[in-house]
Ligand code: S3P
């Protein structure tokens with residue numbers, strides 16, 4: 001059980017107004033941090049994620065021999081191990097971070113030695129069988145505890161695989177690619193639904209060659225190892241999954257005006273903007289540029305007088321929007337037509353069972369909602385009241401219901417608000433800055 005340590009009281013707002021820049025993307029920061037620590041040379045990153053999850057990645061990489069410094073201006077400087085890690089004396093603590101555990105397991109599977117990875121109570125419940133299969137097919141040994149962490153990777157020289165992922169997962173794809181990077185021959189990962197491609201772009205930025213193809217409806221990534229990585233300097237784009245909370249908040253109030261600068265707009269992540277547009281918000285991309293193959297831009301959202309309409313998220317959309325579904329569900333009661341979410345079973349094995357917790361918290365605020373095994377139906381045209389929300393130790397639930405609270409009648413108490421710091425420590429401060437009361 002997670003012990004909540006912090007409560008936040010959220011008062012209703014009139015509007016969302018302002019212009020901000022988001023802290024660095026969590027997914028990209030994990031990858032830049034891990035690859036820089038593994039590469040040769042000194043890398044430097046501006047706007048590196050401030051979240052506890054990315055700090056877990058950096059702490060693990062330090063234990064493995066890399067050195068990490070935070071410079072006075074916030075730049076994160078990483079000196080890499082040059083392709084060979086130091087066997088750690090203690091288990092590697094991945095904290096709450098599934099990305100750290102799954103991606104690092106792949107990196108370590110090709111390193112000689114035995115590595116034990118542990119996590120907090122939430123991470124220790126999450127499925128790890130999905131990385132055992134491909135890594136064992138490559139010749140590593142992965143010992144799980146009842147399908148979960150703690151896990152031990154016994155690594156060494158591997159052989160390449162051609163693996164089709166049964167569940168769309170960028171973490172699993174990355175796990176295999178990081179093992180393939182160090183393995184003689186060509187390792188291929190195929191996926192039916194294309195997941196976020198930050199690893200592919202980051203590997204290229206660090207000097208690796210990878211090949212991407214689309215055949216028979218499957219998108220594939222192939223890497224021929226072994227290949228060395230060399231240090232880079234980069235600015236991490238603002239996190240669009242963190243921006244999602246403010247975009248959703250703005251969408252609650254006709255007349256809101258929000259501008260987000262330096263925002264990561266990688267097409268495998270920016271589906272949110274299309275869905276918000278389909279839901280009835282007006283979104284304009286005011287500026288767009290490329291940085292280390294990642295698209296970065298300025299986005300403006302305005303909400304028309306009639307507010308939001310209705311929308312459905314299913315099929316590949318559900319996989320691409322998986323982290324944004326709680327907040328989209330949380331604002332849906334205030335729309336005219338509501339939301340229908342399906343094919344999102346993966347939500348049940350995230351930091352919490354996000355379907356159960358979203359449904360329970362919507363009901364606590366007085367909403368009508370129907371739970372499905374793989375999603376939910378949230379009708380529109382509802383009025384919600386303030387309530388006590390249980391964040392369940394899940395950062396995205398804490399933030400999603402802080403947004404729902406902005407249009408409720410009365411105040412809402414978020415229990416376990418400290419969870420927001422897993423991805424977005426600045427969340428409550430920025431929300432206060434943007435919300436007009
Ligand atoms: C992530 C991928 C997604 C996402 C998670 C971050 C990543 O998980 O939910 O927050 O950085 O690769 P899966 O790849 O397991 O779906």
- What is region 26-234's relative contact order, in percent, from Cα pairs under 8 angstrom and six or more apart in sequence? 21
- Message: If you average the alpha carbon positions of region 408-437 and of region 5-29, how far apart do those two centres end up, in angstrom?
- Response: 6
- Query: With a 10 Å Cβ neighbour count serving as the proxy for reagent exposure, in which order, fewest first, do 290, 7 appear?
  - Reply: 290, 7
- Item | Over region 60-171, relative contact order from alpha-carbon pairs under 8 Å, at least 6 apart, % | 22
- If you take the square roots of the eigenvalues of the alpha-carbon gyration tensor of region 358-404 and sort them as a ≥ b ≥ c, do you get rounded (a/c under 1.5), prolate (a/b over b/c) or oblate? oblate
- Message: Counting only helical runs of four or more DSSP H residues, what would the 222 nm mean residue ellipticity of the chain come to if each run contributes -39,500 (n - 2.57) and the total is spread over all its residues?
- Response: -8500 deg cm²/dmol
- Message: Sort 372, 159 by Cβ crowding within 10 Å, fewest neighbours at the top.
- Response: 159, 372
- Task: Starting with the fewest neighbours, write out 359, 154 ranked by other beta-carbon atoms found within 10 Å of each beta-carbon.
- Result: 154, 359
- In the chain, what percentage of the DSSP-assigned beta bridges are antiparallel, given to the nearest 5? 70
- What is the spin-label model distance, in nm, from residue 11 to residue 268 if the labels are put 7 Å beyond Cα along the C-beta direction? 4.4
- Query: Roughly how many Å is it from the Cα centre of region 76-110 to that of region 276-324, as a whole number?
  - Reply: 33
- Message: Rounded, prolate or oblate, given the Cα gyration tensor of region 26-234, with a/c below 1.5 counting as rounded?
- Response: rounded
- Message: To check you understand DSSP bridge types, tell me what percent of the beta bridges within region 340-420 (both residues inside) are antiparallel, rounded to 5.
- Response: 55
- For residue 261 and residue 86 in one chain, what is 0.36 nm times their gap in residues minus the Cα-Cα distance, to one decimal in nm? 59.1 nm
- Message: Can you give me the distance in nm between label points at residue 285 and residue 388, each placed 7 Å from the Cα along the Cα-to-Cβ direction?
- Response: 4.5
- Rh by Kirkwood over Cα pairs, then Stokes-Einstein D for the chain at 1.306 mPa s and 10 °C, µm²/s: 73
- Rounded to the nearest 5, what is the percent of antiparallel bridges among the DSSP beta bridges in region 26-234? 75
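Values in this text are rule-based calculations from the coordinates and carry no lab data. It should be emphasised that the depicted structure is a prediction, and the values quoted were computed from it without experimental measurement. Because the Cβ atoms are built from the backbone with ideal geometry, glycine has one as well, and the counts that use them run over all protein chains shown.
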